Amino acid sequence: MSTPPRETPSAAGHPRAKTSFWRSLRMVAWGFFGVRRNSEYQRDLAQVNPFHVILAGIIGVVMLVMLLLVVVNWVVSGAAAG
C-alpha cells in the first residue's frame, strides 16, 4: 500500500497549503493599506505564488487609479456646478 503524500512544512513551520489567488489579493490589499501582522506576513510569504502576487498588484493598482479618477471627476463636476 502506498501512503498519501505529506504536506511539507514551510520555513515558518506551517504546513504548506495550496496557494490561492484570493490569498494573494488579500495580501496585496493589506500591503496597500500598510497594516500587517508579522505572523500572517510570514505565513503568506511561505504560501503564495509570486505570479499571483504580481497579478494581484497590477489589479490593485488599476483599481486604485480608477477609484482616484472617479473621485477627481466627481469633485471637479461638483465644483463646476456650484
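Rule-based calculations on the coordinates, nothing more; no lab input. Just so it is clear, the structure is predicted and the values come from calculations on it, not from any experiment. Cβ placement follows ideal geometry from the backbone for every residue including glycine, while neighbour counts extend to all protein chains displayed.
How large is log10 I(q)/I(0) at q = 0.13 Å⁻¹ when the Debye formula is applied to the Cα atoms of the stretch 21-81, each weighted equally and without solvent?
Log10 I(q)/I(0), no solvent term: -0.45.
Rounded to the nearest 0.05, what FRET efficiency do ILE58 and ALA81 give with R0 = 25 Å and r taken as the Cβ-Cβ distance? Could you check?
Given R0 = 25 Å and the Cβ-Cβ separation, E is 0.10.
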